[in-house]
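Everything on this sheet refers to the single structure shown next.
The values are calculated or read from the model by the stated rules, or taken from the named source; none is laboratory data. This structure is a prediction, so every number in the text was calculated from the model and none was measured. Cβ coordinates were reconstructed from backbone atoms using ideal geometry, including for glycine residues, and neighbour counts include every protein chain displayed. Accessible surface is based on the protein model in full, side chains and every heavy atom, while ligands, DNA and RNA are left aside. Shrake-Rupley method; radii C 1.70, N 1.55, O 1.52, S 1.80 Å.
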Amino acid sequence: MTAGTHTSEEVTLARLPSGVEITTTVHSYEGDDDGPTLYVQAAQHGREINGTETLRRFHERLPLESLSGRIVAVPVANPLTFDRVSYTTPEIIDSVNPNMNRVWPGDADGSLHQRMAARLWEYVEGADAVVDLHTGSPDMLPHVVFLEGDEESRALAEAFGTDLLLSEEADDDASEEWHRRGFAGKLRVAAANEGIPAITPELAHNKQILEDAVEIGVDGLCDVCRQLGMLPGEVPDREQTLARNHLGQVVADESGLFRPEPSLEVGRPVAAGDPLGTVYDPTTYEPLQSATANRGGLLYTLTRESTVAAGDKLASVALIREE
Ligand SMILES: [Zn+2]
């Protein structure tokens with residue numbers, strides 16, 4: 001038995017107007033035995049750095065001598081947003097598609113984000129499974145999102161192992177809002193539509209390395225590899241909650257300061273109408289909105305950044321799926 005190999009290459013994703021090239025590093029881990037190819041990336045939303053730290057730690061811990069198949073890992077999929085510690089790219093750089101996760105599979109002749117995605121898609125399209133690591137708000141229950149009705153993607157989500165799994169409807173099943181927000185251009189959806197099982201772990205928190213979130217990410221990747229037969233060992237049976245989708249959001253009706261109900265914690269069930277917090281005018285102290293749960297379910301995000309503009313998300317409630 002030999003040891004497997006790790007290589008890395010610098011890849012040019014696109015060029016800026018000045019001629020400066022946007023490059024990133026792509027890691028390849030090659031097992032001695034044949035097996036599937038897993039594509040993993042992090043930080044296409046550049047402030048979501050717990051995915052990047054997850055890949056660094058996965059790199060340290062991966063037992064390369066036991067690997068079957070190939071892992072392709074991109075720790076910084078979007079250097080533009082990474083450097084700005086942002087979610088989207090400024091309009092001056094890409095006025096057409098400021099959010100990279102709305103443009104997959106990309107277009108080599110398109111806008112900057114489309115070109116970057118198209119370059120990385122060359123790795124994605126050769127893969128048998130895709131994990132797109134994201135992280136959410138400071139107070140979010142870690143969860144994994146998969147395309148509803150796609151059983152192979154669901155199996156990957158279950159293997160990743162978070163307590164909460166969220167299925168998201170697509171195409172004709174999805175709401176008008178799903179289409180309006182360009183969700184068909186998410187990497188996970190584009191891959192699943194090509195028949196490549198794909199998941200989006202949301203590891204919670206951004207901008208700060210959070211040990212718990214990173215450990216969930218590393219364990220999740222190892223169990224995804226076991227599920228795919230790329231690493232030895234069994235994925236443990238787990239009690240997981242299956243719920244539905246991203247769009248069950250409570251938003252700010254008015255701009256102001258949001259004070260969440262002090263007793264609330266993510267991961268708790270809520271009933272429709274339960275109080276979630278108050279938006280008030282910071283100058284007059286006048287309450288502007290008593291935010292309540294829009295439906296019964298599991299509270300999985302609660303905004304802790306208190307300065308909110310009308311339309312901002314305050315909380316998310318997932319509908320528990322009965323099976
Ligand atoms: Zn994200």
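Being over 21 Å from ALA309 (Cα atoms) and under 17 Å from the mean Cα position of the chain (by Cα) is a property that ALA213 has. Taking every residue in region 87-101 that is farther than 11 Å from SER111 by Cα and pairing it with any residue that is more than 15 Å from the ligand (Cβ to nearest atom) and at pLDDT 90 or above, at least 6 positions away or on another chain, the pairs with Cβ-Cβ distances below 8 Å are THR89/LEU112.
Considering PRO63, PRO79, PRO90, PRO75, the condition of being more than 12 Å from the ligand (Cβ to nearest atom), open to solvent by 10 Å² or more (accessible area, probe 1.4 Å) and at pLDDT below 95 is satisfied by PRO90 alone. Could you list, in sequence order, all residues of region 182-202 that are within 13 Å of the ligand (Cβ to nearest atom), assigned to a helix (DSSP H, G or I) and under 10 Å from ASP132 (Cβ atoms)? Selection gives LEU187, ARG188.
For region 93-110, taking the residues that are over 21 Å from TRP178 (Cβ atoms) and either open to solvent by 20 Å² or more (accessible area, probe 1.4 Å) or among the aliphatic types (A, V, I, L, M) (or both), the one that is nearest to the ligand (Cβ to nearest atom) is identified as ILE93. Yes or no: GLY51 closer than 24 Å to GLU215 by Cβ, within 16 Å of the ligand (Cβ to nearest atom) and in contact with a Phe, Trp or Tyr (Cβ under 7 Å, 6 or more places away or on another chain)? When the stated conditions are applied, GLY51 does not pass them. Scanning region 247-287 for residues that are within 26 Å of LEU166 (Cα to Cα), in contact with a Leu (Cβ under 9 Å, 6 or more places away or on another chain), open to solvent by less than 70 Å² (accessible area, probe 1.4 Å) and in a loop (DSSP other than H, G, I, E, B) yields GLY248, ALA252, GLU261, LEU264, VAL266, GLY267, ASP274. Being over 24 Å from MET116 (Cα atoms), among the small types (Gly, Ala, Ser) and at pLDDT 95 or above holds for only one residue in ALA191, ALA159, and it is ALA159. Among the residues of region 171-196, the one identified as open to solvent by less than 10 Å² (accessible area, probe 1.4 Å) and more than 15 Å from the chain's Cα centre (by Cα) is TRP178.
In region 241-265, the residues that are farther than 14 Å from SER306 by Cβ reach residues that are open to solvent by 20 Å² or more (accessible area, probe 1.4 Å) and among the hydroxyl-bearing types (Ser, Thr, Tyr) with C-beta atoms within less than 7 angstrom, at least six apart or across chains, in these pairs: LEU247/SER175.
The residues on offer are GLU151, GLU158, GLU125, and the sole one that is within 29 Å of GLU234 (Cα to Cα) and free of Cβ contacts under 8 Å to residues at least 12 places away in the same chain is GLU151. Tell me which residues, restricted to region 216-235, are in contact (Cβ under 8 Å) with a residue 24 or more places away in the chain and not aliphatic (A, V, I, L, M). Answer for region 216-235, where residues must be in contact (Cβ under 8 Å) with a residue 24 or more places away in the chain and not aliphatic (A, V, I, L, M): GLY217, ASP219, GLY220, CYS222, ASP223, CYS225, ARG226, GLN227, GLY229, PRO232.
If you check ARG56, ARG47 for being open to solvent by 40 Å² or more (accessible area, probe 1.4 Å), charged (D, E, K, R), closer than 25 Å to ILE93 by Cβ and within 21 Å of the chain's Cα centre (by Cα), only one passes: ARG47.
Of the residues making up region 119-141, just one is open to solvent by 20 Å² or more (accessible area, probe 1.4 Å), modelled with pLDDT of 95 or more and either of a type in the set (A, V, I, L, M, F, W, C) or under 28 Å from GLU305 (Cα atoms) (or both), namely TRP121. Here is the figure for region 112-154: residues that are farther than 30 Å from SER263 by Cβ and not in a helix (DSSP H, G or I) total 14. Within region 125-159, the residues that satisfy the criterion of being within 16 Å of the ligand (Cβ to nearest atom), hydrophobic (A, V, I, L, M, F, W, C) and within 22 Å of ALA77 (Cα to Cα) are VAL130, VAL131, LEU133, VAL144, VAL145, PHE146.
Here the strands (runs of 3 or more DSSP E) wholly within region 1-56 that include at least 3 residues being farther than 23 Å from ALA157 by Cβ and not aliphatic (A, V, I, L, M) are 5-15, 21-30.
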